[in-house]
Every structure is written in structure tokens, then in C-alpha cells.
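Written out below as C-alpha cells is the structure these notes cover.
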Amino acid sequence: MSFTFASKFKIQATKVTADLDHRAKIRAALKSYETARDERKAQYQDWQAARHGAASIKWESLNHLDAYLVDFVTKLSARGTKVFWAGNAQEARDYIVALAKEKRAHTIIKSKTMTSEEIHLNEALRQAGYEVVESDLGEFIVQLRGEAPYHLVFPAMHLTRHEISDLFHEKLHSAPSEHPEELTMIARKELRFKYIQADIGISGANFGIAETGMISITENEGNGRLTTALPKVHVALMGIEKVIPRLSDLALFLPLLATAGTGQQITCYNSLIGGPRQSDEPDGPDEFHLVLLDNNRTQLLADAEQRDALHCIRCGACLNACPIFRNVGGHTYGTTYQGPIGSVITPHLRGLMDWKHLSYASSLCGACTEVCPVKINLHHHLLHNRRNAVASRPDPSERAAFRLFAFLTRYPGLVNRLARISRPLVPFVRVVKPILPAPIKGWLSSRDLPKIARESFRDYWKKR
Amino acid sequence: MNEGKREAILGRIREAVRVAAPRPHEGSGRYDSNAIEVPQTSREWLPSVPLDAEGRLNLFREKCSQLRTEFRFLSGQEGAAAALADLRNKQKWTVLGSHHHPMLDPLVQSLGLETLYVEQHPQSKSLERCSVGITACDALIAQTGSILLTARSAGGRALSVLPPHHVVVASVDQLLPDLPAAFELLYEKYGDNYPSFATLITGPSRTGDIERILVLGAHGPRDLTIILLGTNA
Ligand code: SF4
């Protein structure tokens, strides 16, 4: 298994990295984001203090998560919300499928939720015979392609308008178009009546507010609002780590999420939902179900050193900043959560030994840590994961290599002599390259060995 | 249906947090080393807002134009009625959606069009055919150019998002300085008896999902108009 995920990553990464078109596309897509984000950041009176404040609030809620969750759930239940605690993906899927059955649903409309990708909800619902429609434009596009989202926040950023036009033409029989505006209108028209038809709307949640018992949903398109307004049943899926203490904390988190995520001061719609339709309200779902998901989050929570990885508000800023993400692309990771944050948490969520290779998909430049709006110590956690992987299953060849290194540093004279002997051999390395063993061959495939100087520094110093 | 694994999950959480994580400013890497004191409010960090009423109004106007929200500041009911009549003619409105509210009722009636009131529980299908949804709101926010509304103040959940044009009518005393003030208002106004839905609307619906190019009117309204009444509103 370990071999499969790691080697898949390697093969895919090699391929995508060499794809210059891909690189140009990603660079172009991120350029306007970077400008907008920097402008927005500059408008803060104190961006660094805001990050620190957000990290402190997350610290507070995670270190007392039990109490905040109980508050949150009690408040929600009091206003008619049905709360279900799912220990793992299977339990969450089963609950939602059973609910669809009970409601005799036909069509289910979804607004963007990465947590549902994590538990592979769409497949489960489709297998049970329901039509599931993604309503976020980017998600709608990748769903039509039968692909996973490419990026936490920009699911279709790897596609050009031409590719999208071709896709719509093929799947929706629309006229080809060169204009993003026309393409958006095709999707809008396609989805309008789905909202009205749908029996169940499924959403995610960006925050849960313990003080008042509400979930907060951030979006730009309005699909989240329609998904939670029109169908008779609304199901929200939320990781247990998303709870924050107070309503007023949103005054900080909403602008922070938008600035880091899309370079907006605040996104177009930030909605709070605190229950099904109340008796004095004209519309809204009759039932509101909240599925709280653990799925190994408690395991990450138990690791005090890396607990801050649960601060993540899924803004995607660390992906945008990451030189590895920008070169290998989102699909290469093979995970629900891509980029630096995905590399940190996937080994916790899905097994260290299967996913430890992601800890090496990093230049350790720290760009991710620098941009993270909730100050997650991302690149250090990659090192922690490397350390933990080595500690739990040491690699004998690595150990031997370090022994050899330690031995050689103790005998500099020997190194000197070895260098002198091997100097004339260096040019032949190129000839024997193809038959060298794997790690050496890989290293040499894009590099030449440096020349060894005629005279070593030691000799020079002695003669001086 | 059941509660699922409530006690098992809470048990795991309690076990997990017995050891506290290092605080954000304590020895967690290069960028965290210069510890920052945590001030009491995010107001000191967020983009600043002028203290005087006129400054706020100007900021709100500026934000609206950046967001492509149509903003009209009018002195009274008559001005508002004229502005709406103008929009009606220009956009050839046929059916209106609205809710009953003392500030809205005379305006909506003055337009003389067929009107669906959410209090009569129209079907989503008919609401979708409205040319415009006209609503009140809880507050406007100068810092971000946002509108705060709830299911109770603005006729439920669908009226302000389903029709292609959303018109908000507000009075100038509803203009708040910043986001912290907006959440304070929500907390104080509704106490324990919250509406099931509240939203902050900041500009017309938009997407950048195709090549990161901005397109307005993704799934929600393509047009957003704010009519702010200056006096005797
Ligand atoms: S780790 Fe930080 S930067 Fe990355 S997605 Fe999460 S919050 Fe954003």
C-alpha cells in the first residue's frame, strides 16, 4: 500500500512538473489573487496581530473542545436541530443515506463541502440511487469531468475556458463560448431548477458558534444560500474542530478567511444558520440535521505538538504559496486536502506509513507557515511527521548511510585520500549512470557530480 | 433518529486535550517568536473606519462602488419611490417579491405591480419568476459595504437570493461602523430568540471559478441595489 501511494505521487509529480502549460496556467490563475490579497492585507491596521488573535481563539476552542462542542450542540438541539455524531466516514454516510431513504428523496443538491469529499459522500448517495448535483460552479465543472477538486478553494483552477466550453458542449449540449460570463450563465440556468426540485440540500460549515448554536457558511455565488433555503431538508456536515467560542469571533475570522483565501475583504455571502425554519418565519427547511464528524480528528487532537493543525480554516493560502503545489498540481497529492495542510494532516487522518511521503513533498521554505492566517506551524509539522515516521519504522539503508557519514567525518585524512583516488573516476559516472541503484540514479538524473579539485583545502593549508 | 457516537467522541476529546498544546506564541517556530499581546477586540486589527457619520457614509459609498453594488442615498420616501419607479421602467419589472414592513409597504404599493408577499407563502417557483425582491434589513456595515439581514427582518431566506435583482431599503441610522458592531447588534437585538437564518451580503453574487475571472450573478442576484433613506424614514 505504502509503495502504491508514494510511487503514484512520484510518477504523477514527475509528469506534471515537466508540463509547462500547466505551470503557466497555475501561475496566471494565482497572479490576480496575489495582487488582491496583498492590497487587502495592507488595509489591516495590524495583520500580524489579527493572525495571532485568530490563532489564540482557535487555541482556546481546541484545548477546551469538549466543553464548546457540548454548548454548541445543546443550543442547536434546543431550537429543533437534529445532531448526529459520526465517529467515522462510514457512520456519516450511512446516516445521510438513511435520511434520504426516509424522506423518499430523488434529487439532492450540494453546496461546496470538502468534508463530504473526505467521506466520499457523493459515491455513496449515487450508489443508493439518488441524483446528486454539485452547485458551486467549480465543483459542478469537476463533477461533470468525474474529477476530484483540484484545490480546496478553486476546484477548477486547472482548466481553461476552452476546456470548460468543450465540457459543457459535450455534457450539456450548450453552444461553445469563449466568455466566462456566458459559461457561468449556462451553469446558472442548468442549476436553477435543481434547487427548486431538490428534496435535500447538503452543505458544509466553515465555523460552528458555541455561544449561540449556529453554523457559519462562507461563499460567493449564492449557491450555498439557495441550497439551505429551498429544499425541505437541510443537512450540514461539519468536522468537530470547526467550533469557535463566540459570535463576535466571526468579526475577525470572516475577513481573515476571505483575505487569505481569495483576496477579498469579505466574501459575498456569509450566512448563519441556527436551526430549521422557526414558526414566525415564512420559509426555510422543515428539518435541519447537523452531522458532526470525527474521522480521526481526535487522534490529531491527541498530538499536542501538532494540535494546531486543527486550527485550519481551509482558506487555501498555503497551497497558493507552496512552490511544490504550484509545480506538481493539486491532483498529484491524491488526497482530499491538497498542499502543505494536506501533507500535514493526511498522515494523521489516513495513516502515517501510507502518507509519510507527503512530508517530503516540501522544500521546507516555510512560505506556507508565513501565509497561514491562523498561524499553523506547517513546515515544522512536516518535519515532525518525518521524525515520527522514522521513529516508528527506521529505514536500515538510511541508518547505514548516516553511520558511514559519521565514520568519515571522524577521519578527514581518509576522506582526503578517497577524494584523490576517485577524482579521475568522476567523468565515468555519467557513463554508468543508467545502471546505478535507485536513489543515486534519481539524484543524478537531473544533476552532474561536481568536479573534485586537484588540490584539497587541507593540502593547500598545509603547504601555505 | 439517534445521536450517534456522542459519548465515545466526547470521551476521546477529553482524553486528547488532557495535555494542553503549546500556546500560539510559545516556541512554535520562527514566525511566532516575537510574541504579540492579544488585545481585547479585533477592532484594533481590522481595516480602520472613520469615526464620524459622514466619513462612514462615504466609506460605505466607496465600498459599494468597488463591489458593484448600486447605492442611492435619498432624502425621503418620495425620492425612494421615484428611484424605484425609475428602476422598474428601465428593467421592465413585471412581478415583485416583497414582505410586509412599515418602511417598504408604501414604496411597494407605489410601484403598482403585481406583488408576491412572502407572508402568503408563495412557491419557490413563483418567487423565482419575480423580477426583483425588495426587502428591509437589520443593518449596513461601512467597513465592508455589507448588508446584514435575517429571516425575520427581510422576509425569510429565499426572497433576497432567488430573484435576479435584490433591492434593500434601509434608513441612515442603520449604518454601523464595522463587523464587530454588526455581531454585537445581532446579539443584542435577538437575545436568545434568534431567527434561524442571518446573512451578511457583500455585493452582488459573483464567481471566479473560470480562469479566476470575475463574473457577477453566479447563482444569486446579479444586481444589488441599496436605497438609503436619509431623513424621516
Ligand atoms: S493551513 Fe492555514 S493557510 Fe493552509 S488552508 Fe489551512 S488555514 Fe489556510
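For the range B:94-109, putting each phi into the Karplus relation 6.51 cos²θ - 1.76 cosθ + 1.60 with θ = phi - 60° gives couplings of 10, 10, 9, x, 7, 9, 6, 6, x, 7, 8, 3, x, 5, 5, 4 Hz, in residue order, rounded to whole numbers and with x for Gly and Pro.
Listed by chain and number, the aspartates and glutamates placed with their C-alpha closer than 13 angstrom to that of A:K171 are A:E163, A:E190; residues fewer than eight positions away on the same chain are left out. Its Cα gyration tensor gives the range B:53-229 an equivalent ellipsoid, and the semi-axes of that ellipsoid, as √(5λ) in whole Å with the largest first, are 22, 19, 18. Projecting the Cα atoms of A:H381, B:N2, A:I452 onto the dipole axis of the protein assembly as shown, where Lys and Arg carry +1 and Asp and Glu carry -1 at the beta carbon, places A:I452 farthest toward the positive end. What's the angle, to the nearest 10 degrees (0 to 90), between helix A:396-410's Cα axis and the longest principal axis of chain A? On a 0 to 90 degree scale, this one is about 40. Who wins for biggest fluctuation among B:A80, B:A151, B:A218 in a Gaussian network model of chain B, springs between alpha carbons below 10 Å? Largest GNM mean-square fluctuation: B:A218. Ranking A:T218, A:T35 from most to least accessible surface, computed with a 1.4 Å probe over the protein chains only, gives A:T35, A:T218. For the options B:S98, B:S171, B:S126, a Gaussian network treatment of chain B with springs between C-alpha atoms closer than 10 Å singles out B:S126 as fluctuating the most. Express in whole angstrom the spacing between the alpha-carbon centres of the range A:1-60 and the range A:181-249. Here the two parts' Cα centres lie 24 Å apart. Identify which of B:V132, B:V49, B:V167 has the largest mean-square fluctuation in a Gaussian network model of chain B, with springs joining Cα atoms closer than 10 Å. It is B:V49. For chain A, the longest principal axis of the C-alpha atoms and the axis of helix A:47-63 are separated by about 70°.
Which percent of Cα pairs goes in each bin when the distances of chain A are cut into 10 angstrom slices starting at zero? With a bin width of 10 Å, the distribution comes to 4, 17, 27, 24, 14, 7, 5, 2, 0, 0.
Couplings 3J(HN,Hα) for the range A:146-159, derived from phi with the Karplus relation 6.51 cos²θ - 1.76 cosθ + 1.60 (θ = phi - 60°), are x, 10, 7, x, 7, 8, 3, 10, 10, x, 10, 6, 8, 10 Hz, where x marks Gly and Pro. With just the Cα atoms defining each centre, how far is the range A:124-142 from the range A:312-369? Give it in Å. What the calculation gives is 25 Å, centre to centre. Net charge dipole, the range A:398-463: roughly 160 debye, given to the nearest 20, about the Cα centre with Cβ charges of +1 for Lys and Arg and -1 for Asp and Glu. Average projection, convex hull of the Cα set of the range A:60-295: 12.9 square nanometres. Bridge orientation summary for the protein assembly as shown: considering DSSP beta bridges with both residues in this region, about 30 percent are antiparallel.
Placing +1 on the Cβ of every Lys and Arg and -1 on the Cβ of every Asp and Glu, with no other charges, gives the range A:60-295 a dipole of roughly 500 debye about its Cα centre. Cα centroids of the range A:283-309 and the range B:159-174: 35 Å apart.
The order of A:D21, A:D448 by accessible area, most exposed first and with a 1.4 Å probe, is A:D21, A:D448. Cβ screening of chain A for cysteine pairs under 4.7 Å finds these without a partner: A:C268, A:C312, A:C315, A:C322, A:C365, A:C372.
What the phi angles of the range A:305-310 give under the Karplus curve with 6.51, -1.76 and 1.60, with θ = phi - 60°, is a coupling list of 4, 10, 4, 5, 4, 7 Hz, glycine and proline written as x. Proximity of backbone amide H atoms, modeled 1.01 Å from N, is registered between A:G239 and A:L293 at under 5 Å, excluding neighbours fewer than 5 places apart on the same chain. Partners of B:K90 within straight-line reach, counting lysines whose Cα lies under 29 Å from its Cα and excluding those fewer than 8 residues away in the same chain: A:K189, B:K63, B:K125. Calculated [222 nm] ellipticity per residue, helices only, for the protein assembly as shown: -13500 deg cm²/dmol; basis is -39500 (n - 2.57) per DSSP H run with n ≥ 4, divided by all residues, nearest 500. The simple Förster model, with R0 at 35 Å and r as the Cβ-Cβ distance, assigns A:V432 and A:E455 a FRET efficiency of 0.85. Straight-line reach from A:K58: taking Cα to Cα under 13 Å and skipping same-chain neighbours fewer than 8 places apart, the aspartates and glutamates in range are A:E241, A:D249, A:D308. For chain A, take the longest principal axis of its alpha carbons; what is the angle in degrees between that and the long axis of helix A:2-17, to the nearest 10 within 0 to 90? Helix A:2-17 sits at roughly 90 degrees to that axis.
The values are calculated or read from the model by the stated rules, or taken from the named source; none is laboratory data. These figures come from a predicted structure and were not determined experimentally. Don't worry about glycine lacking a Cβ; one is built from the backbone with ideal geometry, like all the others, and counts go over all protein chains shown. In case anyone asks, the SASA skips ligands and DNA or RNA and just uses the protein heavy atoms, side chains included. Shrake-Rupley method; radii C 1.70, N 1.55, O 1.52, S 1.80 Å.
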